[in-house]
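Here's the structure we're looking at; comments come further down.
Derivation of every value follows stated rules applied to the coordinates shown; laboratory data play no part. Bear in mind the structure is a predicted one, so any value in this text is a computation, not a measurement. Here the Cβ is made from the backbone with ideal geometry for all residues, glycine too, and neighbour counts use every protein chain on show.
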Amino acid sequence: METTIAKKEEKAVIPKKETPTTDEFIKGLWRENPVFVQVLGMCPVLAVTNTAGNALAMGLATAFVLLMSNILISLLRNFIPKQVRISSYILIIATFVTVTDYTIQAISVELHKSLGAFISLIVVNCLILSRAEAFASKNNLGKSIMDALGMGIGFTFALLCLGVVREILGDGGVFGYALFPEGFENWIVMILPAGGFFTLALWLLVFNIFKEKRAKS
């Protein structure tokens, strides 16, 4: 009888197996991709992916803000009062968005003009705030960094997928390199707002088909 009770007590104190840190990184790339699975941050996804360059710049800017805000929020998670946590998160995010804004402006004025107000709108990107509230505020620094890297790279990859397709079909090239002969008729609609919806729908279809085939195999 005593042996049985002792075994039950040993089972009760065994801690739950924690999710591996690498899994926090991989999930943002595929299983929980912020664009193709969670469908978050649609404003920049549709607005600035008319060229691959703009898409890459916006993706990297968002990934930087996500990484830095996750780091700081994770470090301060035990010191931020619950009553003001959302406003505190927004303040932290806005600080890094300002740093990003001035950095892009210093690197390239033309790129800064192309991205326009969407750089400032990173503050209200639901992807960044959701990771702060749902993950960084509840996990240690290591996991928060890997989560931010996975989600940030996954978001950048998704934007780049849209930007490459739209620029190739809409401008006949990518990153300034022509891919078609002079007689190619550019699909102007692809660099217009409507082209963003068409391209996103196409990538969502491809992503879901591939995901279903992988699940069945």
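For n ≥ 4 DSSP H runs only, could you compute -39500 (n - 2.57) per run for the chain, divide by its residues and tell me the 222 nm figure to the nearest 500?
On the way: 9 runs with 143 residues, N = 217.
The helix contribution divided over the chain gives -22000 deg cm²/dmol.
Basic side chains Lys and Arg get +1 at the Cβ, acidic Asp and Glu get -1 at the Cβ, and with that the dipole of the stretch 95-204 about its Cα centre reaches some 480 debye.
Among GLY183, GLY172, GLY41, whose mean-square fluctuation peaks in a Gaussian network model of the chain (Cα, cutoff 10 Å)? Of GLY183, GLY172, GLY41, the Gaussian network model singles out GLY183 as fluctuating most.
Which pairs in the list LYS27/LYS82; LYS138/LYS216; LYS27/LYS113; LYS113/LYS138; LYS27/LYS138; LYS138/LYS213 are over 29 Å apart, alpha-carbon to alpha-carbon?
Over 29 Å Cα-Cα: LYS138/LYS216; LYS27/LYS113; LYS113/LYS138; LYS138/LYS213.
Using a 7 Å offset from the Cα along the Cα-to-Cβ direction at both LEU75 and TYR102, what is the distance between the two label points in nm, to one decimal? With each label placed 7 Å out from Cα toward Cβ, I get 1.8 nm. Largest mean-square fluctuation among THR100, THR199, THR21, in a Gaussian network model of the chain whose springs join Cα atoms under 10 Å apart, belongs to THR21.
What residue among ALA194, ALA148, ALA132 has the largest mean-square fluctuation in a Gaussian network model of the chain, using Cα springs under 10 Å? Maximum among the listed residues: ALA194. Across the chain, Cα-Cα distances exceeding 33 Å account for 27% of all pairs.
Across the options GLY152, PHE198, PRO181, the greatest Cα extent toward the positive end of the charge dipole of the stretch 131-217 (unit charges at beta carbon of Lys, Arg, Asp, Glu) belongs to GLY152.
Counting only trypsin sites (Lys or Arg not before Pro) that DSSP places in a loop and that have at most 16 other Cβ atoms within 10 Å, the longest clean stretch of the chain runs over 32-137.
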